[in-house]
Number of protein chains: 2
Amino acid sequence: LSKNRQIFIKDVPQAEVAENHFEHRTGVIPDPGPGQVLVKTILLSVDPANRAYMNFDTFNPKMGAGQVLGAFGIAEVLSGDGLDPGTLVFCQPGWQEYAAIDTATAIPVKVRSKLSHHLGVLGLTGMTAYFGMLDIGEPREGETVLVSAAAGATGNVAGQLARIHGARVVGITSSDEKNRYLQDELGFAATVNRKSPTFFDDVKAACPDGVDVFFDNTGGPALDAALQVFNQKSRLVVCGAISTYNTDRPGAALNIQLTQLALLRLKVQGFVVLDDIARWPEAEEKMAGWINAGALKPVEEIIDGLENAPRALIGLLAGENLGKRMVRVAPDPS
Amino acid sequence: LSKNRQIFIKDVPQAEVAENHFEHRTGVIPDPGPGQVLVKTILLSVDPANRAYMNFDTFNPKMGAGQVLGAFGIAEVLSGDGLDPGTLVFCQPGWQEYAAIDTATAIPVKVRSKLSHHLGVLGLTGMTAYFGMLDIGEPREGETVLVSAAAGATGNVAGQLARIHGARVVGITSSDEKNRYLQDELGFAATVNRKSPTFFDDVKAACPDGVDVFFDNTGGPALDAALQVFNQKSRLVVCGAISTYNTDRPGAALNIQLTQLALLRLKVQGFVVLDDIARWPEAEEKMAGWINAGALKPVEEIIDGLENAPRALIGLLAGENLGKRMVRVAPDPS
């Protein structure tokens, strides 16, 4: 049997993550224990959360040196309890070719579309956009919806979903090139470059009627800018705080006073998409319908080779991706 | 005709409000303009918000020297457009015996109970408790609900409503005496004195299963303590920030990081009860039903004489009241 290529955390980064925080090794293919399956990784999801895993407890306990870095992905069941070999599952194989995982945590994928879509627009990040935007943001016809990291995997879908629901969508990204793409290809009404020296004023100018929903992936300056323009009864969807994950002070504050929050009648709500996993099939079906109708455009980029996972993450945190970034570890089995 | 006793703001307090910030005068009884009514004040509501009016824009523009201090109350219509003389209305007469107010802002009171109840448990503060606790807090059977300023006009009702909905209710107040009252008379399961040197630990001990809803009237240490014990999917009802109104830094921060908020799946929501005025009659009816059934106990104290309004407010901000504090300006007309 072939060996198992793995990428371990060598040192936990104190601020910016770099290649030397990881160690590439070749280990053995594990035997699945009782209640487990052995899976072969096909695609790995590259998420800002991968960096956060090394900062603090998330839905996973904080990860440290000597562990394979955690990551979601799509994998093929090879053997073990409770799932047939050949089953494609959404799971957390981590940065390795083979993993033994608890069967209860492996979710069979009903393939409706390109397999990569099931890790992107129909997968973790698409579902995050769906439940965050529709359950918490609740965009209505004619409202203004602002999205940070709007060219990212979650942000671009969140923005498109708001547009599908009749909102005027404004995106914040880190480059004019991404902004052009959002406006030309994804139907964003306006965009703002967060690196602009007049960023706060740019946000105001792009939202002349204020903001009713802010889908926030970043925290930091984007959130502070949004706090200037919230309308009464607006909703702040707290999806992430990417702006701080790759720093020595992960977290990001909510710089609003309680009295301002009360007088704005603002709702601020956090969520974790894994809570809604029972509702994913229903959401996937709706999303697939919008994709087929041409209303929702999947945006993804696939980087080949497990060995490129650290670079893929480092680049993602630097804002170089457009849409959903993945690493291909093995060819699609079909 | 008799003169109009009025209490003006003389100097805006920079921190703690005192009697010398006000000036008692005798003015003329105003003529109502078109679209206005002349009203005679019967009862004035004493609220922490009266102090906040002098700090910043609220639902009223910021108030300053030379203005009669704004205050809600129950008044009798004497003359003017659109309402019959003798009609009792909920309105903002301010700290004076007679006021000309816009008819559109005067809400006729359908008297179901003692008139004072319509300014307390069936009025502004009771409605605040009702909509904040039930629409935003949504307490469920067996959950733990924490309330700050729990012996106050809004807090005691919020706590009783949560108890009626099957929650275990924990109150935070500033004295052991108030705490005994909450436990002995109002069915609170536990209480904490915010002046205790072990306050943070006391909150933890009083909430062994964590907190699912925090109805926060104060901000400050009570909120910081609650942030330690929130369960997943908990709700923070932002009703007020009393702890800071009577200081030189009004506002109060929400000391939580976005990542913590997201991982807690916390909902933080502000509201202003005046938004729901169309739903007050429905809420009043439910509240009156609970009062009649003995499930909801009105708690109020009435201080006689307009001239005592400043003292009533100063004492309220010092935490001396139990339940709804009002000032009687004229006898009930019935």
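The values are calculated or read from the model by the stated rules, or taken from the named source; none is laboratory data. Being a predicted model, the structure only gives us computed values, none of them experimental. Virtual Cβ from ideal backbone geometry, glycine too; neighbours counted across all protein chains shown. All accessible areas refer to the heavy atoms of the entire protein, side chains included, with ligands and DNA or RNA removed. Shrake-Rupley method; radii C 1.70, N 1.55, O 1.52, S 1.80 Å.
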Ordered by residue, what ³J(HN,Hα) values in Hz, to whole numbers, does segment A:7-15 give under the Karplus form 6.51 cos²θ - 1.76 cosθ + 1.60, where θ = phi - 60° and Gly and Pro are x? 10, 9, 6, 8, 9, 6, x, 8, 9
List the distances, in nm and shortest first, from the label point of A:G82 to the matching label points in every other copy, placing each point 7 Å from Cα along the Cα-to-Cβ direction. 6.5
Please give the solvent-accessible surface of A:M287 in Å², to the nearest 10, using a probe radius of 1.4 Å with every protein chain present. 0 Å²
A:N292 paired with B:R180, simple spin-label distance in nm, labels 7 Å along Cα-to-beta-carbon: 7.1 nm
Along Cα→Cβ at 7 Å, what distances in nm separate the B:P333 label point from those on the other copies, shortest first? 8.1
What's the center-to-center distance, using Cα atoms, between segment A:172-199 and segment A:56-106 in Å? 35 Å
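For the protein assembly as shown, what is the accessible area per residue in Å², given a 1.4 Å probe and the full set of protein chains?
Using a 1.4 Å probe on heavy atoms only, each residue of the protein assembly as shown averages 39 Å².
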Could you tell me what percent of the accessible area of segment A:1-100 is made up of carbon and sulfur, with a 1.4 Å probe and every protein chain present? 48 percent
Which values of log₁₀ I(q)/I(0), to two decimal places, follow from the Debye formula for the protein assembly as shown at q = 0.06, 0.09 Å⁻¹ with a uniform point scatterer at every Cα? -0.41, -0.83
Which chain A residue sits with its beta carbon nearest the axis carrying A onto B, and how many Å away is it, rounded to a whole number? A:V268, 2
Cα-Cα pairs above 16 Å in segment B:49-117: how many percent? 52 percent
Place the label 7 angstrom along Cα→C-beta at B:D184 and in each other copy, then list the distances from the first to the rest in nm, shortest first. 7.7
Ignoring ligands, DNA and RNA and using a 1.4 Å probe, state the total buried accessible area between B and A in Å², rounded to the nearest 100. 2500 Å²
To the nearest whole number, what is the average tally of beta carbon atoms from other chains within 10 Å of the beta carbons of peptide A:247-258? 5
For segment A:232-240, just list the computed ³J(HN,Hα) in residue order, Karplus coefficients 6.51, -1.76 and 1.60, θ = phi - 60°, integers in Hz, with x standing in for Gly and Pro. 5, 6, 7, 10, 10, 8, 8, 8, x
Return the carbon/sulfur percentage of the accessible area of segment B:134-235, one whole number, probe 1.4 Å, all protein chains in place. 44 percent
Just counting partner chain Cβ atoms within 10 Å, what average do the residues of peptide A:231-238 show around their Cβ? 3
Within the set A:K62/A:K233; A:K204/B:K267; A:K324/B:K204, which residue pairs have Cα atoms separated by over 31 Å? A:K62/A:K233; A:K324/B:K204
Sequence ranges A:175-185, B:22-32, ranked by mean other-Cβ count within 10 angstrom, highest first: A:175-185, B:22-32
What would the Debye formula give as log10 I(q)/I(0) at q = 0.15, 0.21, 0.31, 0.35 Å⁻¹ for the alpha-carbon point model of segment B:167-209, no solvent? -0.31, -0.60, -1.11, -1.23
If amide H atoms are modeled at 1.01 Å from N in the peptide plane, then the residues at a separation of 5 or more from A:G94, or on another chain, having amide H under 5 Å from its own are A:A71
How big is the convex hull of the Cα atoms of segment A:25-184, per residue, in Å³? 147 Å³
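Taking each residue in B:211-224, count the Cβ atoms of any other chain within 10 Å of its Cβ, then average. What number comes out?
On the way: counts 0, 0, 0, 0, 0, 2, 0, 1, 4, 1, 0, 0, 1, 0.
Averaged over the peptide's residues, the number is 1.
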Relative contact order in percent for chain B (Cα pairs under 8 Å, 6+ apart) equals 18 percent
Segment B:111-229 -> Rg/Rh from Cα coords, Kirkwood Rh, value 0.97
Restricting to Cα atoms and excluding each atom paired with itself, what does the Kirkwood estimate give for chain B in Å? 20.4 Å
